[in-house]
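Participant: There's a structure below that I have some questions on.
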Amino acid sequence: MAAELSTSINIKEPRWDQSTFVGRAKHFFTVTDPRNVLLTNEQLAHAHKIITDYRQGVVSPGLTEDELWRAKYVFDSAFHPDTGEKMILIGRMSAQVPMNMTITGCMMTFYKTTPAVVLWQWINQSFNAIVNYTNRSGDAPITVNQLGTAYVSATTGAVATALGLNALTKHVSPLIGRFVPFAAVAAANCINIPLMRQRELQHGIPITDENDNRLGQSTKAAQQAISQVVVSRILMASPGMGRNIFVSIQSTTGLHACLTDLCFSFSLVFATPLCCALFPQKSSMSVSRLEAELQEKIRANHPGVERVYFNKGL
């Protein structure tokens, strides 16, 4: 009989070294795998049971190490790392590729009238708002009023900014105009993400020591976390913007344009995990960069702590 799997495997951390870009990329290729959206509730529940049991020192009979890690990544793809709640399906990072392909395709097809542009910009920013809320940092509850206010301000601000910048294409040279949509996406991300995660900026996110002992809440950590996510999301949109620029400088047939769409859509499969991997999911900062009162509290109660850690969100 095979020996029972050891309970000493650290599944609190990813399987690969997160101090390197390659290790983070391997991690996020697994978490953002589009095939994860096809997992059934039964499969998710099974993975949840395996991971929950293992954390309590209970090993499922016959479980192998590879099966354990597979269960961990199924678990990570569907359950929030801070709250433990099952995430909204279209808000999961594994849904990024199919959802972005669908929305981008519709935005490219229905762009000839202002109402159509407004509709698809609103749908796009609503999707972004769902993703930003689903992948927020922290475990503090959010009231319906707070969520509604964040959603309205985020989508309205982002849509207005995107439409305003896109309108500039009529008043600038064609060469510069090709880059305006990318600027619109970048600006919209700079508005949507902070507004959907404004509670973190107001009240802070949980920070811990290297052993996951909670030390408090920090708005400075929230600022760093959200800034890193904004950069990642802007770069994540690059393939779609590259497609627009490429097609705009070509005289294309319908078939060629379709093939170009497929190539850039395929590139999203790589852009999503690689851009997520730019910064560690478990981010860190020096105690000296925290709020003054929080620095004093940590130095008084935890004098040996020099760095704090937090989930930056995605």
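Participant: Whenever you get a sec, compute what percent of the accessible area on the stretch 1-86 sits on carbon and sulfur atoms (1.4 Å probe).
Facilitator: Here carbon and sulfur together make up 54 percent of the probe-accessible area.
Participant: Quick one: if you stick a label point 7 Å off each Cα along the C-beta vector at residue 171 and residue 106, how many nm between them?
Facilitator: Once both label points are built, they end up 3.0 nm from each other.
Participant: How much length is gained if the chain between residue 292 and residue 202 is pulled fully straight, taking 0.36 nm per residue apart and subtracting their Cα-Cα distance, in nm to one decimal?
Facilitator: My answer for the length gained is 30.8 nm.
Participant: To continue, here is another question. Please list 220, 12 in order of solvent-accessible area, largest first, computed with a 1.4 Å probe with all protein chains present.
Facilitator: 12, 220
Participant: Could you give the alpha-carbon Rg of the stretch 1-151 over 2.2 N^0.38 Å, rounded to two decimals? Don't jump to the answer; show the numbers that get you there.
Facilitator: Working: Rg = 18.9 Å, N = 151, 2.2 N^0.38 = 14.8 Å.
Expressed relative to 2.2 N^0.38 Å, the Cα Rg reads 1.27.
Participant: Residue 8 accessible area, nearest 10 Å², 1.4 Å probe?
Facilitator: It works out to around 100 Å².
Participant: Next question. What FRET efficiency would be calculated for the residue pair residue 118, residue 49, taking the C-beta separation as r and a Förster radius of 45 Å, to the nearest 0.05?
Facilitator: Plugging the Cβ-Cβ distance into 1/(1 + (r/R0)^6) gives 0.50.
Participant: Roughly how many Å² of residue 191 are accessible to a 1.4 Å probe, to the nearest 10?
Facilitator: Roughly 50 Å² of residue 191 is accessible to a 1.4 Å probe.
Participant: Another question, if that's okay. Compute the Cα gyration tensor for the stretch 1-86, then decide on rounded, prolate or oblate, letting a ≥ b ≥ c be the square roots of its eigenvalues: rounded whenever a/c is under 1.5, prolate when a/b is larger than b/c in the other cases, and oblate in all that remain. Let's see the in-between values first.
Facilitator: Details: a/c = 1.68, a/b = 1.20, b/c = 1.40.
Cα axes put the stretch 1-86 in the oblate bin.
Participant: On average, how much accessible surface per residue is there in the stretch 117-158, in Å², for a 1.4 Å probe, leaving out ligands, DNA and RNA?
Facilitator: 43
Participant: Return the sequence-ordered ³J(HN,Hα) values of the stretch 290-295 in whole Hz as given by the Karplus equation 6.51 cos²θ - 1.76 cosθ + 1.60 applied to θ = phi - 60°, using x for Gly and Pro.
Facilitator: 7, 4, 4, 5, 6, 4
Participant: What distance in nm lies between label points placed 7 Å from Cα along the C-beta direction at residue 139 and residue 56?
Facilitator: Here the modelled spin labels are 1.6 nm apart.
Participant: Among 207-219, 65-77, 35-47, 149-161, what's the highest-first ranking by average C-beta atoms within 10 angstrom per residue?
Facilitator: Descending mean neighbour count gives 149-161, 65-77, 207-219, 35-47.
Participant: Expected output is a single nm value to one decimal: the length gained when fully extending between residue 8 and residue 86, i.e. 0.36 nm times separation in residues minus the C-alpha distance. What is it?
Facilitator: Answer, rounded to one decimal: 25.5 nm.
Participant: Quick one: of 220/312; 49/312; 49/72; 282/312, which pairs are farther than 18 Å apart, Cα to Cα?
Facilitator: 49/312
Participant: Now, a different point. Once you have the Cα-Cα distance between residue 70 and residue 278, take 0.36 nm times their residue separation minus that, and quote the gain in nm to one decimal.
Facilitator: That works out to 72.6 nm of additional length.
Participant: Also, quick follow-up: Rounded to whole Å, give me the distance from the Cα center of the stretch 15-44 to that of the stretch 56-131.
Facilitator: Computed from Cα coordinates, the inter-centre distance equals 12 Å.
The values are calculated or read from the model by the stated rules, or taken from the named source; none is laboratory data. Note that the structure is predicted; figures quoted are calculated from it, not measured. Heads up, the Cβs are rebuilt from the backbone with ideal geometry, glycines too, and the neighbour counts pull from every protein chain shown. Surface areas here come from the heavy atoms of the whole protein model, side chains and all, with no ligands, DNA or RNA. Shrake-Rupley method; radii C 1.70, N 1.55, O 1.52, S 1.80 Å.
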